[in-house]
Amino acid sequence: MATVSWYALYTTPRAEKKVNERLQMMGVECYLPLHKSPRVWNDRVQVVDIPLFTSYIFVRCSEPELRNLLHVDGIVRIVFFCAKPAIIRQKEIEAIRQFLEQAANRELCVGEEVEILSGALKKVSGKIQKIKKHYLYLTIEQIGLTVCVKIANVAPVKRIK
């Protein structure tokens with residue numbers, strides 16, 4: 001019997017969710033790491049699930065089965081390392097799952113800097129002064145104001161260190 005391992009597949013752009021669906025319908029064990037991200041439209045802000053790794057999906061199967069998956073619509077190629085399909089260790093898959101779980105449970109806190117995603121103060125950042133059930137009170141130092149904003153309409157400011 002062939003050994004079963006985790007492998008990475010490269011998909012066509014923005015097809016990760018459809019490929020995941022197709023593979024699951026075929027009975028293939030797969031993992032598509034998703035995280036929640038706010039998306040801004042003219043009339044609203046919505047939190048959507050987007051892939052953590054753009055155009056990649058992980059599958060658990062034998063190597064012969066892996067080659068057959070190239071016929072699935074949306075899969076472009078197998079990710080290789082040293083001229084062999086790259087094997088992803090189980091502990092690496094678990095580390096990704098644990099990271100996403102911790103990130104999902106992370107709450108906003110007083111003193112954290114956030115950016116306003118919609119409205120008259122769109123793209124302005126401020127520090128959280130107070131947190132209510134559905135609203136935040138932000139201090140915007142640039143204009144010397146404290147404003148009240150819906151929690152759904154802000155996103156943490158990502159700083160590169």
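Here is a list: V28, V110, V40, V45. Which entry is at pLDDT below 95, surrounded by 16 or more Cβ atoms within 10 Å (Cβ to Cβ) and touching a Lys or Arg at 6+ places or on another chain (Cβ under 9 Å)?
Exactly one of V28, V110, V40, V45 is at pLDDT below 95, surrounded by 16 or more Cβ atoms within 10 Å (Cβ to Cβ) and touching a Lys or Arg at 6+ places or on another chain (Cβ under 9 Å), namely V45.
Looking at (1) without any contact (Cβ under 8 Å) to a residue 40 or more places away in the chain; (2) of a type in the set (S, T, N, Q); (3) touching a strand residue (DSSP E or B) at 6+ places or on another chain (Cβ under 9 Å), find the lone condition where Q90 falls short.
(1)
In this structure, does E63 turn out to be in contact (Cβ under 8 Å) with a residue 60 or more places away in the chain and acidic (D, E)?
On the way: in contact (Cβ under 8 Å) with a residue 60 or more places away in the chain: yes; acidic (D, E): yes.
Here the answer is yes, as E63 does meet what is asked.
Answer with yes or no whether F58 is within 24 Å of the chain's Cα centre (by Cα), open to solvent by 100 Å² or more (accessible area, probe 1.4 Å) and aromatic (F, W, Y).
Numbers: within 24 Å of the chain's Cα centre (by Cα): yes; open to solvent by 100 Å² or more (accessible area, probe 1.4 Å): no; aromatic (F, W, Y): yes.
So F58 fails the test.
Being part of a strand (DSSP E or B), more than 22 Å from L32 (Cα to Cα) and either touching a residue at least 60 places away in the same chain (Cβ under 8 Å) or of a type outside the set (G, A, S) (or both) narrows it down to one residue among I143, I128; which is it? Walk me through it before giving the result.
Details: I143 fails: part of a strand (DSSP E or B).
One residue alone meets the criteria, I128.
Identify all residues within segment 57-80 that are assigned to a strand (DSSP E or B) and either touching a strand residue (DSSP E or B) at 6+ places or on another chain (Cβ under 8 Å) or farther than 20 Å from E92 by Cβ (or both); write none if there are none. Break it down stepwise before answering.
The initial filter retains those residues of segment 57-80 that are assigned to a strand (DSSP E or B), namely 57-61, 75-78, 80.
Those that are assigned to a strand (DSSP E or B) and either touching a strand residue (DSSP E or B) at 6+ places or on another chain (Cβ under 8 Å) or farther than 20 Å from E92 by Cβ (or both): I57, F58, V59, R60, C61, I75, V76, R77, I78.
Would segment 46-56 turn up any residue that is part of a loop (DSSP other than H, G, I, E, B) and either within 30 Å of G119 (Cβ to Cβ) or among the β-branched types (V, I, T) (or both)?
Residues of segment 46-56 part of a loop (DSSP other than H, G, I, E, B): 52-55.
The next check asks that each one be either within 30 Å of G119 (Cβ to Cβ) or among the β-branched types (V, I, T) (or both); those that pass are 52, 54.
There is at least one residue in segment 46-56 that is part of a loop (DSSP other than H, G, I, E, B) and either within 30 Å of G119 (Cβ to Cβ) or among the β-branched types (V, I, T) (or both).
The values are calculated or read from the model by the stated rules, or taken from the named source; none is laboratory data. Only a predicted model underlies this, so the values are computations on that prediction, with no experimental measurement involved. When we count neighbours, we look across all protein chains shown, and the Cβ atoms used for this are built from the backbone with ideal geometry, even at glycine. Please note that ligands, DNA and RNA were not included when accessible areas were found on the heavy atoms of the full protein model with its side chains. Shrake-Rupley method; radii C 1.70, N 1.55, O 1.52, S 1.80 Å.
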